[in-house]
1. Residues of the stretch 1-19 being open to solvent by 40 Å² or more (accessible area, probe 1.4 Å) and either in contact (Cβ under 8 Å) with a residue 12 or more places away in the chain or of a type in the set (K, R) (or both), which ones?
2. Please go through the stretch 22-44 and pick out each residue that is open to solvent by less than 90 Å² (accessible area, probe 1.4 Å), hydrophobic (A, V, I, L, M, F, W, C) and under 17 Å from V5 (Cα atoms).
Amino acid sequence: MIFLVFGILGAIFGGMTAKKRGGNRKDIAQYAASAGIAFALIGLVLTVLLDRWLF
């Protein structure tokens, strides 16, 4: 479940970054999608590591 939270936070972060840089709706969507995927992958790795470490 950690990867879902990371993915959502990454999408919000990516969207805010694109909006701050003056991007249009397509730019905001692309930044949100790419950052969301990247953060979700990081969260997935973190989830697997925590699962192996704790259980």
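1. Within the stretch 1-19, the first condition is being open to solvent by 40 Å² or more (accessible area, probe 1.4 Å), and the residues that meet it are 1-6, 8-9, 12-13, 16, 19.
Across the stretch 1-19, the qualifying residues are M1, I2, F3, L4, V5, F6, I8, L9, I12, F13, K19.
2. A32, A33, A35, A38, F39, A40, L44
The values are calculated or read from the model by the stated rules, or taken from the named source; none is laboratory data. Worth saying up front: this structure is predicted, and the values here are computed from it rather than measured. No Cβ is skipped: glycine too gets one built from the backbone with ideal geometry, and neighbour counts run over all protein chains shown. Protein only, heavy atoms only, side chains kept; ligands, DNA and RNA dropped before computing areas. Shrake-Rupley method; radii C 1.70, N 1.55, O 1.52, S 1.80 Å.
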